[in-house]
Amino acid sequence: MLNKLNNRIYNEQYLLLAFISLIAFKVVMLPQYLVKTSGSQSVLVMFFMMAIEIMMMCVVYGISKNNSILELDIPKWLKGVFAILIFSSSLIKSTVLGSEGVSYISTSLYANVSWSFVTLALVGVCVYFAHKGGKVIGRTAQIFFWVLLFALVFYGVFSNSNFDFINLMPFEISSDFAVAGDQYLMWFGDFTPLLFVSTTSSPNHKKSNMAVWIIFAVLATLICSVGLMLQFLFIFGASGAVVGNAFLNVSSLNKISFMIGSVDLPTVLSWMIMCVIKISLLLFAMAECAKFFFGKKALVSLACGVIVYAAIVYGIGNLKTSYNLATSWLRYFAFLTEFCVTIAAYIAMRISQNKKEKQSREQVGNNMGEAYEKA
């Protein structure tokens with residue numbers, strides 16, 4: 001019962017976590033990789049893949065409205081299969097995406113600090129959130145929502161980018177569109193961690209306001225992913241293939257920086273928040289899967305953190321190795337797991353609900369028949 005309460009969040013918190021989960025690592029190295037492979041078609045690739053992810057996130061929400069995936073009334077063996085697949089997928093993603101975060105922190109924020117120290121700090125914080133559960137992660141995201149909003153408004157108001165439409169030329173649909181979509185699957189499909197939370201209506205918000213929040217969340221997701229990809233192309237064009245950390249290089253072009261120097265704090269702080277929450281969600285999913293087999297022990301979350309730490313520091317160690325791993329055959333496993341588990345869980349949930357409804361109707365019919373015979 002306690003675990004259910006720890007993983008129950010409000011609908012608004014779910015939307016915020018969904019936004020962060022979809023955006024966090026699509027604004028770092030992915031724009032550079034997409035430009036390198038598909039050039040001006042990068043915007044279409046991003047839009048197409050994001051549209052698919054948003055639709056799948058709606059399916060995840062449909063499951064979470066009923067219960068978390070491990071609390072659904074479905075066969076236990078099926079839950080075990082889901083747990084193994086999601087644990088494996090989350091481990092791969094937390095390793096690859098965590099490496100990007102560690103690389104940025106160790107090179108851009110500090111002067112070549114060792115990966116081991118940065119990873120220890122990052123994973124340590126994320127393990128704490130993962131152990132506390134979905135409710136704490138949701139509340140943390142809700143608290144720091146204003147920082148994210150301030151960074152977005154700050155950049156929108158003080159943006160000083162010169163949009164060169166020539167950088168979008170020549171714009172034509174070619175096979176590069178499919179190649180890019182296939183090559184960078186690892187950076188898409190970021191919704192299975194939210195299968196482990198259940199949602200409920202907030203007592204402080206009316207149901208009618210939920211539609212507004214949904215529209216706002218969808219627009220914000222598209223603006224921060226597709227919009228940034230488009231602006232990245234406007235500014236850098238084909239040379240974007242050698243420009244990493246897109247969110248930082250794009251946001252640094254603001255009016256204030258030309259007057260008083262670099263003003264990167266809002267952008268860096270907002271991305272750091274999203275990075276921590278995203279990795280926390282992945283570790284949370286790993287911990288919940290492990291607890292399904294080993295029980296609800298604090299050491300389970302710590303063990304998941306140790307595994308991720310070792311994989312990042314000793315298994316990867318640099319951004320090039322991370323890229324090679326992300327573009328290997330493992331991308332198909334991670335991507336297909338996200339989709340197959342979500343769809344299978346939804347189908348299993350609906351079958352279970354239909355059986356319950358049928359049994360309920362039969363029970364009502366039997367009761368009415370008995371009452372009629374007695375009369």
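Across the stretch 13-24, the number of residues qualifying as assigned to a loop (DSSP other than H, G, I, E, B) and open to solvent by 10 Å² or more (accessible area, probe 1.4 Å) comes to 0. Screening Tyr346 with (1) open to solvent by 40 Å² or more (accessible area, probe 1.4 Å); (2) at pLDDT below 90; (3) closer than 29 Å to Leu78 by Cβ gives one miss only, at (2). Look at (1) buried (at least 24 other Cβ atoms within 10 Å of the Cβ); (2) more than 22 Å from Val27 (Cα to Cα) and you find that Leu281 fails only one, number (2).
Quick grid of which residues meet (1) under 26 Å from Ile84 (Cα atoms); (2) open to solvent by less than 50 Å² (accessible area, probe 1.4 Å); (3) polar (S, T, N, Q):
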{"position": "Leu233", "(1), (2), (3)": "no, yes, no"}
{"position": "Gly237", "(1), (2), (3)": "no, yes, no"}
{"position": "Lys296", "(1), (2), (3)": "yes, no, no"}
{"position": "Leu302", "(1), (2), (3)": "yes, no, no"}
{"position": "Ile316", "(1), (2), (3)": "yes, yes, no"}
{"position": "Leu325", "(1), (2), (3)": "yes, no, no"}
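When we screen Ser68, Ser90, Ser103 for residues that are surrounded by 24 or more Cβ atoms within 10 Å (Cβ to Cβ) and closer than 30 Å to Ala303 by Cβ, the only hit is Ser90. In summary, Thr221 fulfils each of the numbered conditions (1) β-branched (Val, Ile, Thr); (2) open to solvent by less than 20 Å² (accessible area, probe 1.4 Å); (3) more than 17 Å from Leu30 (Cβ to Cβ) with the single exception of condition (3). When the stretch 195-233 is filtered for residues that are modelled with pLDDT under 85 and over 22 Å from Ile137 (Cα atoms), the ones remaining, listed by number, are Lys206, Lys207, Ser208, Asn209, Ala211, Val212.
Figure legend. Inter-residue proximity from the stretch 175-189: first residues in contact (Cβ under 8 Å) with a residue 12 or more places away in the chain, second residues assigned to a helix (DSSP H, G or I) and of a type in the set (Asp, Glu), beta-carbon distance below 7 Å, spacing 6+ or different chains. Indicated pairs: Phe188/Glu53; Gly189/Glu53; Gly189/Glu338.
Looking across the stretch 172-187, the residues that are closer than 11 Å to Val45 by Cα and of a type in the set (Phe, Trp, Tyr) come down to Phe177, Tyr184. Taking the numbered list (1) touching a residue at least 12 places away in the same chain (Cβ under 8 Å); (2) open to solvent by 20 Å² or more (accessible area, probe 1.4 Å); (3) not hydroxyl-bearing (Ser, Thr, Tyr) in turn, Leu30 passes all entries but (2). Among residues of the stretch 263-289 that are over 17 Å from Val125 (Cβ atoms) and at pLDDT 90 or above, those with a beta-carbon under 9 Å from a residue that is open to solvent by less than 10 Å² (accessible area, probe 1.4 Å) and of a type in the set (Ser, Thr, Tyr) at least six positions away or on a different chain give the pairs Cys289/Ser90. If the condition is being buried (at least 20 other Cβ atoms within 10 Å of the Cβ) and among the hydroxyl-bearing types (Ser, Thr, Tyr), then the stretch 107-125 contributes only Thr119. Answer with yes or no whether Ile312 is of a type outside the set (Ser, Thr, Tyr) and either open to solvent by 60 Å² or more (accessible area, probe 1.4 Å) or in contact with a Pro (Cβ under 9 Å, 6 or more places away or on another chain) (or both). So Ile312 does not fit the description; no.
The values are calculated or read from the model by the stated rules, or taken from the named source; none is laboratory data. None of the values given here were measured: they were computed from a predicted structure. Methodologically, a virtual Cβ is constructed for each residue, glycine included, from the backbone with ideal geometry; neighbour enumeration extends over all protein chains shown. Just the protein is used for accessible areas: all its heavy atoms, side chains included, with ligands, DNA and RNA removed. Shrake-Rupley method; radii C 1.70, N 1.55, O 1.52, S 1.80 Å.
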